[in-house]
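Participant: I am attaching a structure below and will ask some questions about it afterwards.
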Amino acid sequence: MLKKRTTHLADASSSAGSESIEQADRRSFFKKTLAYSAGALAAANVLSPVKMRADDPAIMEEKPWGTTLGDPVTKNRYGIPSAYEHNVIRRNAQLLSSGNWQASIAMCPVQDMEGILTPNGLFFSRTHGGVAHIDPNEHRLMIHGLVDKTLVLTMDQLKRYPSVSRIHFIECPANGGPEWRGPQFNSIQFAKGMMSCAQWTGVYIKDIIKDLGLKPNARWMLAEGADNSHMGRTVPIDKVLDDAMIVWGQNGEALRPEQGYPIRLLVPGWEGNLCVKWLCRLEFASEPFYAKEETAKYTALKPSGKAIQHFYANEVNSVITSPCPEKPWTDLKKGDIVEIEGLAWSGMGTIEGVDISFDGGKNWVEASLKGLVLPKAWTRFSYMYKYEGKPLLLSSRARDDAGHIQPTVKHEREVMGVESVYHRNGIHTWQVTAKGEVNNVQILS
Ligand SMILES: Nc1nc2c(c(=O)[nH]1)N[C@H]1C(S)=C(S)[C@@H](COP(=O)(O)O)O[C@H]1N2
Ligand SMILES: [Mo]
């Protein structure tokens, strides 16, 4: 009986035939990884022995919050985070600012994010002419050009279209851009903080178009902002009719002024600069054209001196958020079980898997994806690791369901050189020292 079953199994696997060895290996490898993780958890401690003192004042003493009344519920009409979280803030760097704080960027504290949604007060903020504060009653959206019916909408009229809510990241294509020539910041916030992820509520432009009618020669859509920069961007019509949205809601409330209140364009997965904030005009046209030539679009400079002109989707990418320079492992003891966590994202699809390397990319193990796994959204990954107090080169490598995988830094440099600013998605590595400190490094071999 047993023999027969064994034979049967062998037959089944050989008859699968076309299944690649790599896949089969990956599967059995994955099983082993799971077994290890579970075993490690049973055998070791997530926390090293915790010393408790009977006279610990945190246990023994009455605290003011337990002996006096708290605030009345009427105190904070709009709630704010605990005062003890005062370090969890957006940060800006002189290096990323062209000499003033209006044409600048405030980076998201990626190291402090929980789950996949960025709280609105911490969403990264990039402005070319400062944050506009628009009175929605005085704001209109004009839709014109190659449409059958021109419209000028009030905000109330726009919101009469059936709304949808979608979770998507926005990433400036310059995220990590200062680091083409090598690490610049010993910080995840500065190295990777030009991105955030939110649940956006608004209307698909294709649904408005059903109402307006599009002329057959409409190939491009210009979007213009009402802020001081009057930023204009053009988006190809296929993307517009696929999943571009006009949004007014962000994580359950109105957009924040920093995100373009009262409305912005959302072009899921594509360069953040296309997501025009304080949106006031959409024009459909047969040719790509730009409100201001110099702010028209980002291009990618190649070693040949030529630039890639139309370069829209943010490529598959990932970064380990714990540990990172801001969240080192200096408190760990040998034998501790620790969770390695990170974020992966792709503007071209859904994250399919993330691998982790402890030796700078020579060997890889598969992490597990945690929580919601959605297209063009931050995806959290996790790996339980037994800390050994050894130096590590800790890297993550994501792949998406469109078949893309992150390149090595070496490969990326071979193809793109180091002169570009945009679209860096090479494998990111943290050096973990024997003491558990974490440094930003690049592996060039
Ligand atoms: N009107 C307007 N829209 C804009 C910008 C701007 O300066 N003005 N900055 C763009 C850039 S470069 C990026 S990366 C994203 C950033 O979106 P966020 O500030 O909500 O993070 O907004 C884009 N939309
Ligand atoms: Mo940007």
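The values are calculated or read from the model by the stated rules, or taken from the named source; none is laboratory data. As the structure is a prediction and not an experimental result, all values here were calculated from the model. FYI the Cβ positions are ideal-geometry reconstructions off the backbone, even for glycines, and counts take in every protein chain you see. We work out accessible area using only protein heavy atoms, side chains counted, and drop any ligands, DNA or RNA first. Shrake-Rupley method; radii C 1.70, N 1.55, O 1.52, S 1.80 Å.
Participant: So how many residues does region 75-93 have that are farther than 30 Å from residue 178 by Cα and assigned to a loop (DSSP other than H, G, I, E, B)?
Facilitator: Adding up the residues that qualify gives 8.
Participant: Something else now. Using the structure shown, decide if residue 205 is over 28 Å from residue 317 (Cα atoms), out of contact with any strand residue (DSSP E or B) (no Cβ under 6 Å at 6 or more places or on another chain) and of a type in the set (Val, Ile, Thr). Outline the logic, then answer.
Facilitator: On the way: over 28 Å from residue 317 (Cα atoms): no; out of contact with any strand residue (DSSP E or B) (no Cβ under 6 Å at 6 or more places or on another chain): yes; of a type in the set (Val, Ile, Thr): yes.
Answer is no for this residue.
Participant: For region 113-123: of the residues being surrounded by fewer than 19 Cβ atoms within 10 Å (Cβ to Cβ) and touching a residue at least 40 places away in the same chain (Cβ under 8 Å), which is farthest from ligand 1 (Cβ to nearest atom)? Walk me through how you get there before you give the answer.
Facilitator: Here is the first cut: in region 113-123, the residues surrounded by fewer than 19 Cβ atoms within 10 Å (Cβ to Cβ) are 114-115, 119-121.
Narrowing the set further to residues that are touching a residue at least 40 places away in the same chain (Cβ under 8 Å) leaves 115, 119-121.
Working: 115: 18, 119: 13, 120: 10, 121: 12 Å.
That would be 115.
Participant: Being closer than 16 Å to residue 277 by Cβ, part of a loop (DSSP other than H, G, I, E, B), more than 9 Å from ligand 1 (Cβ to nearest atom) and touching a residue at least 40 places away in the same chain (Cβ under 8 Å) is the filter here, so list the residues in region 124-151 that pass it.
Facilitator: 133, 134, 139, 140
Participant: Name every residue in region 199-228 that is within 16 Å of ligand 2 (Cβ to nearest atom) and touching a Phe, Trp or Tyr at 6+ places or on another chain (Cβ under 7 Å), in order of residue number.
Facilitator: 225, 227
Participant: Would you call residue 252 at positive phi, more than 16 Å from ligand 2 (Cβ to nearest atom) and at pLDDT 95 or above?
Facilitator: On the way: at positive phi: yes; more than 16 Å from ligand 2 (Cβ to nearest atom): yes; at pLDDT 95 or above: yes.
Yes.
Participant: Oh, and also: State the number of residues belonging to region 312-340 that are closer than 15 Å to residue 379 by Cβ, hydrophobic (A, V, I, L, M, F, W, C) and either open to solvent by 40 Å² or more (accessible area, probe 1.4 Å) or not in a strand (DSSP E or B) (or both).
Facilitator: So the answer is 1.
Participant: Continuing with this model, one more query. What residue, among those in region 368-423 that are in a loop (DSSP other than H, G, I, E, B), farther than 16 Å from residue 179 by Cα and small (Gly, Ala, Ser), is least open to solvent (accessible area, probe 1.4 Å)?
Facilitator: 377
Participant: Taking region 274-290 as the region of interest, how many residues are within 13 Å of ligand 2 (Cβ to nearest atom) and open to solvent by 10 Å² or more (accessible area, probe 1.4 Å)? Steps first, answer last, please.
Facilitator: Within region 274-290, the first condition is being within 13 Å of ligand 2 (Cβ to nearest atom), and the residues that meet it are 274-277.
Filter again for open to solvent by 10 Å² or more (accessible area, probe 1.4 Å), leaving 277.
Qualifying residue count, region 274-290: 1.
Participant: Please give the strands (runs of 3 or more DSSP E) falling wholly within region 190-236 in which 2 or more residues are touching a residue at least 12 places away in the same chain (Cβ under 8 Å) and closer than 20 Å to residue 168 by Cα. Spell out the reasoning first.
Facilitator: Values: elements: 195-204, 220-225, 232-236.
Ranges flagged: 195-204, 232-236.
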